[in-house]
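Where a number appears in this text, it was derived from the coordinates with a stated rule and is not lab data. These figures come from a predicted structure and were not determined experimentally. Here the Cβ is made from the backbone with ideal geometry for all residues, glycine too, and neighbour counts use every protein chain on show.
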Amino acid sequence: MKALALMVLVLGLVCPVLAQAQIPGLGDITNALQKVKKTKDETARVAKGASGLSLEEEIAIGDAVAVAIVSRYGGVWRDEDATRRVNLVGRALAQYALRQDLQWRFGLLDSDAINAFSAPGGRVFITRGLYELPLSDAELAGVLAHEIIHIDQRHAIDIIARGEFWGGVTGLLADNNASYAAFESVVGETENLILDEGFDAGKEFEADQGGRELALVTGYPPGGLRAVLITIDSAQEEPGEVFSTHPSTEKRLERLPDEPLP
């Protein structure tokens, strides 16, 4: 029950009102994991998709990974204006995402690192360090759209489904200790993939291109992400952590169209 204990610790640090504004439903994560442990009615589960995981399983994994992200990166950043702005931009983009079966959640992390993350099930995070570069709305849209594409294209879920973490385990939400242990193992490996190893360069470039198109469809200038990368690449001082699990900004810029900066 390590994940559940960690969750209780994280939730204790979050102001309930702000948590509801920033990541609606974050306060329900405890109940979600209890449901994972206690689920008995198999008929209530959503039919499995092509990935081999049901939507319910994907969301449960994503919620648990989201708790780990919040814990590692300083907790939730309690700034109402920033919270509102990230949610307005993020939800506008999510209206045009492919995955309309998800309830998209957007949150800010209280960390100086310059980074952004996504977890399965529609959970997207941006650090305070990246938000305070500062970012225009178009640049913020470029960053969030990149993370949305990772979820839209099921980058993490596909790796799980290929068996690299999963090992052929099925019924992750079944009410028995063996299945719950398998669930915790999948969560741990997914957390390691997102926070430590990162996706391969091909998936990151795909998220850059797809994010550019998503921003454009939503009504933002398509050069937002490119502007962010140029700002980071031309910084006078070398920041601490900068997109630690992503390819270099130079390589990413080479693959994005040379468009006017917003």
Subject >> Cα centroid separation, the stretch 73-97 to the stretch 203-220 (Å) >> reply: 18
Subject >> Length added when fully stretched, Ser136-Val217, from 0.36 nm per residue minus Cα-Cα >> reply: 27.4 nm
Subject >> For Arg123, net neighbour charge (Lys/Arg +1, Asp/Glu -1) across residues whose Cβ lies under 11 Å away >> reply: -2
Subject >> Cβ crowding within 10 Å averaged over residues, with 63-70, 124-131, 202-209 ranked highest first >> reply: 63-70, 124-131, 202-209
Original post:
Of the listed peptides 72-79, 91-98, 55-62, what is their order by residue-averaged count of other C-beta atoms within 10 Å, with the highest listed first?
Top reply: 55-62, 72-79, 91-98
